[in-house]
Amino acid sequence: VLPACLLLALVLLAPALSAQHERGLVFNLEVGELCLQSAQCKSGCCHRVSGLSLARCAPKAAEFQECSPKSIYGVYYKCPCERGLSCDADKTIVGSITNSDFGVCKDPQD
């Protein structure tokens, strides 16, 4: 009886588990959804406008847009650059503490 119940439970849970990887309540969040860490967002950027605002998933910064260097905090005031671009910013500890480490996305090939 137990193996049959276990098999039935697996058959019923399989679609729910596969759908969870497409989009979940915690990870793979779309642009505009509330987040706590950038790792939750499909875009890789959890962005807040100010220290008092709620953070939401946002697209990464494109070339010539303002950016922040990648951070261990996981929430950004300016999103990091898209793949292949680099953020030309103040990367000192002072810039990080004073929240003035913003820059502009540039193509390192140029």
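Things to note:
- Antiparallel bridges, percent of DSSP beta bridges restricted to region 25-106 (to nearest 5): 75 percent
- Here the gap between Gln65 and Lys106, fully extended at 0.36 nm per residue and compared with their Cα-Cα distance, gives a gain of 13.9 nm.
- For region 25-106, the dipole from Cβ point charges (+1 on Lys and Arg, -1 on Asp and Glu) about the Cα centre works out to 120 debye, to the nearest 20.
- Among Asp110, Asp101, the sequence by solvent-accessible area, most first, with a 1.4 Å probe is Asp110, Asp101.
- Spin-label proximity, Val49 to region 64-94 - amide N less than 14 Å from point 7 Å beyond Cα toward beta carbon: 77-78
The values are calculated or read from the model by the stated rules, or taken from the named source; none is laboratory data. This one's a predicted model, so the numbers in the text were calculated from it and none came from an experiment. No Cβ is skipped: glycine too gets one built from the backbone with ideal geometry, and neighbour counts run over all protein chains shown. Remember, those area values only see protein heavy atoms, side chains included, never the ligands or the DNA or RNA. Shrake-Rupley method; radii C 1.70, N 1.55, O 1.52, S 1.80 Å.
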